[in-house]
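**Student:** Below is the structure I would like to discuss, written out as structure tokens.
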Amino acid sequence: MSELKNRVHDLLPGLIDDLEALVRIQSVSADPARRGHVEESARKTAQLLAAVGVGAEIVRAHDGAPPAVIGERAGPAGAPVVLLYAHHDVQPENDPADWDSPPFEPTRRGQRLYGRGAADDKAGIAVHVGTLRALGDDLPVTVRFFIEGEEEVSSETLPDLLRLYGDRLAADVIVIADAGNWDIGVPSLTTSLRGLIRVDVEVRTLTHAVHSGMWGGLVPDAIMALTRLLSTLWTEDGSPAVDGLACATAADVDYPEERLRAESGAAPGTSWIGAGSAVERLWTRPAITVTGLDAPRVAGASNTLVPVARARVTIRLAPGDTSANAVTRLQEHLAKHVPWGAELTTTVVDAGEPTVLPAAGPVYAAARSALAEAWDGVAPVDMGCGGSIPFIAEFQETFAGASVLVTGVEDPDTRAHGPNEGLYLPDFERAVLAEALLLRRLGDASSAEEFRR
């Protein structure tokens, strides 16, 4: 342990340099203008893997599809096979003025490395690369890699990639380094994740805009109808009012009020919404959010009745629900409550299933042991995730015999997807050590069968 810990510490400066090089690449998969940067990011990832002995290859589901990187480095004959996942694409930076330093110029302040993708999820790539560097020639298992290039745009071609390359990705254990920890200095395994549907809701009340002075008070405008409709989605306390959405229970974990305030960014006078414990509301109950509105801007608005308005409604689904059920329930609710006979149109944008991971057995025991050792005796917390990683359900279906571990390097102040995304470097170092320890523990098994579910 001490020898491996020292090795990880010694290689850390070079590993951070490589992570910074990845962060400088603007691999925003949602921006067609930066498609070349996504390609560059895939090439850089393949180079990093090749340098640690992985036969890395850039693949795609079809011509023009986003690039993924797959590869393998063989371990001892008969040893377990471990698939290591991360993604090299990142979220848009939005307004650079909201950042304290340029979003694609990695900057260290204190014990954090700031930059878009520094944590989500180029740090996941660096953890995997650092693990192989730390183990050197003494690789106790066969490792396979799948570094995706479209996770931030819903992994649209993932099913095709799994169909085309599933035999080269099949494993006894899958480690998905794309989540977070309970707190700084407290490691975690994510054992449940909410699902997601996004639905565009359009309301039309007029065939064309008309003068508000001539027709206001008789004809309902579309914004009026849309806001009335949207308000029916919540009860008085802010809980979802759509009937038929599933709820589940969460682990008995205390989330102190001061942490909630600090980490959520809630304004001082804001009160919480919903019912149940804080972690239930965040992890195992549905949540409905309006994430976008199409309507005339205030600047330049004229005195007219708006004929059509549109909103994007997002529902986070509790474990145990399905996206098909949620879409049906939402559409039924909207049709029932649309006011004044307005014309209603709903369009499903995308969907992802919630996930529950079995948190028992020898693989989880090995993972908990490795995490506790790397974090100097701090036991890992089994936590839920309010966000969604829909491809995990795809992995569970495609590789039904594999044990899936969801790990990561994010913490409550990482600010993934937002301005000033940052990686806490001491826990990044511990994450590399923990993954190396995990592979050693898996390699100590007498055969791969020991780790099959």
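**Student:** With the other protein chains left in place, how much accessible area per residue, in square angstrom, belongs to the range 328-430 at a 1.4 angstrom probe? List each step's numbers first, then the result.
**Tutor:** Details: 4050 Å² over 103 residues.
Ligands and nucleic acids excluded, the result is 39 Å² per residue.
**Student:** Whole Å is fine, so just give me how far the alpha carbon centre of the range 1-66 lies from that of the range 141-158.
**Tutor:** 12
**Student:** Applying the Karplus parametrisation 6.51 cos²θ - 1.76 cosθ + 1.60 with θ = phi - 60° to the phi angles of the range 72-89, what ³J(HN,Hα) value in whole Hz is obtained for each residue in order, glycine and proline being reported as x?
**Tutor:** Each residue of the range 72-89 in turn: 8, 10, 6, x, x, 4, x, 6, x, 9, 10, 9, 9, 10, 7, 9, 9, 8 Hz.
**Student:** Let me ask you something else. Kindly write out, for the range 150-156 in residue order, the coupling ³J(HN,Hα) from the Karplus curve 6.51 cos²θ - 1.76 cosθ + 1.60 (θ = phi - 60°), rounded to whole Hz, with x marking Gly and Pro.
**Tutor:** Values per residue, Gly and Pro as x: 8, 4, 6, 10, 6, 6, 4 Hz.
**Student:** So how much slack lies between Trp215 and Glu3, counting 0.36 nm per residue of separation and subtracting their Cα-Cα distance, in nm?
**Tutor:** 68.4 nm
**Student:** What dipole magnitude, in Debye to the nearest 20, does the range 114-182 give about its Cα centre under +1 on Lys/Arg Cβ and -1 on Asp/Glu Cβ?
**Tutor:** Values: 6 positive and 13 negative charges, 42 e Å.
With Lys and Arg at +1 and Asp and Glu at -1, about 200 debye.
**Student:** Next up: Pairs of alpha-carbon atoms within less than 8 angstrom and 6+ residues apart define the contacts here; what relative contact order does the range 262-408 have, in percent?
**Tutor:** 22 percent.
**Student:** To the nearest 20 Debye, how big is the dipole of the range 329-397 about its Cα centre, given +1 on the beta carbon of each Lys and Arg and -1 on that of each Asp and Glu? Could you put the intermediate results ahead of the total?
**Tutor:** Numbers: 3 positive and 9 negative charges, 44 e Å.
Roughly 220 debye for the range 329-397.
**Student:** Given H placed on each backbone N at 1.01 Å, which residues far from Trp182 in sequence or on other chains put an amide H within less than 5 Å of it?
**Tutor:** Ser188, Val381
**Student:** Tabulate in residue order the Karplus-calculated ³J(HN,Hα) for the range 243-258, using 6.51 cos²θ - 1.76 cosθ + 1.60 with θ = phi - 60°, rounded to whole Hz; enter x for Gly and Pro.
**Tutor:** 5, x, 7, 6, 10, 9, 9, 10, 4, 7, 10, 7, 10, x, 4, 5
**Student:** Just going by the charge dipole of the chain, with Lys and Arg at +1 and Asp and Glu at -1 on Cβ, which of Val327, Leu84, Gln26 is farthest out on the positive end?
**Tutor:** Val327
**Student:** So for the range 100-241, taking the charge dipole from beta-carbon charges (+1 Lys/Arg, -1 Asp/Glu), which of Leu158, Ile147, Leu233 sits furthest toward the positive end?
**Tutor:** Leu233
**Student:** Only Cα pairs under 8 Å and at least 6 apart count here; give the relative contact order of the chain as a rounded whole percent.
**Tutor:** On the way: 970 pairs, mean separation 112.7, N = 453.
Rounded, it is 25 percent for the chain.
**Student:** Give, in nm to one decimal, the length gained when the segment between Ser231 and Asp200 is fully stretched (0.36 nm per residue of separation minus the Cα-Cα distance). Please report the intermediate quantities before stating the final value.
**Tutor:** Working: separation 31, 0.36 × 31 = 11.16 nm, distance 1.55 nm.
Extra length available between Ser231 and Asp200 comes to 9.6 nm.
**Student:** So how strong a dipole does the range 73-196 carry about its Cα centre when Lys and Arg Cβ are +1 and Asp and Glu Cβ are -1, to the nearest 20 debye?
**Tutor:** Working: 11 positive and 20 negative charges, 102 e Å.
Once rounded to the nearest 20, the dipole reads 480 debye.
**Student:** Using alpha carbons only, how many degrees (0 to 90, rounded to 10) separate the axis of helix 122-135 from the longest principal axis of the chain?
**Tutor:** Between helix and principal axis, roughly 10 degrees.
**Student:** Per DSSP H run of at least 4 residues, take -39500 (n - 2.57); add these up for the chain, divide by its residues and hand me the 222 nm value, nearest 500 deg cm²/dmol.
**Tutor:** Details: 11 runs with 141 residues, N = 453.
My calculation for the chain gives -10000 deg cm²/dmol from helical runs alone.
**Student:** Give me the percent of accessible area attributable to carbon and sulfur for the chain, probe 1.4 angstrom.
**Tutor:** Values: 9710 of 19220 Å².
It is 51 percent, rounded to a whole number.
**Student:** Using a 1.4 angstrom probe on the protein heavy atoms only, line up Met224, Met214 by accessible area, largest first. Before the final figure, lay out each step's value.
**Tutor:** Details: Met224 90, Met214 145 Å².
Largest to smallest exposure gives the sequence Met214, Met224.
**Student:** Express in whole angstrom the spacing between the alpha-carbon centres of the range 324-344 and the range 83-127.
**Tutor:** 39
**Student:** Quote the relative contact order of the range 1-135 in percent (integer), defining contacts as alpha-carbon pairs under 8 Å separated by 6+ residues. Walk me through the numbers before you get to the answer.
**Tutor:** Details: 173 pairs, mean separation 40.8, N = 135.
After rounding, I find 30 percent.
**Student:** Just name one of Leu49, Ser264, Gly244: the one whose Cα is farthest towards the positive end of the charge dipole of the chain (beta-carbon charges, Lys/Arg +1, Asp/Glu -1).
**Tutor:** Gly244
**Student:** Pull up the cross-link candidates among the lysines for Lys336, meaning alpha carbon to alpha carbon under 17 Å and not fewer than 8 places away within one chain.
**Tutor:** Within reach: none.
**Student:** In whole Å, how far is the Cα centre of the range 273-318 from that of the range 163-226?
**Tutor:** Between the Cα centres of the range 273-318 and the range 163-226 lies a distance of 10 Å.
**Student:** Got a sec? What order do His128, His37, His62 fall in by accessible area at 1.4 Å, biggest, i.e. largest, first?
**Tutor:** His62, His37, His128
The values are calculated or read from the model by the stated rules, or taken from the named source; none is laboratory data. Bear in mind that the values here come from a model prediction, so they are computed numbers and not experimental data. In this analysis, Cβ positions are derived from the backbone assuming ideal geometry, glycine residues included, and neighbour counts consider all displayed protein chains. Surface accessibility is based on the protein's heavy atoms, side chains included, excluding ligands, DNA and RNA. Shrake-Rupley method; radii C 1.70, N 1.55, O 1.52, S 1.80 Å.
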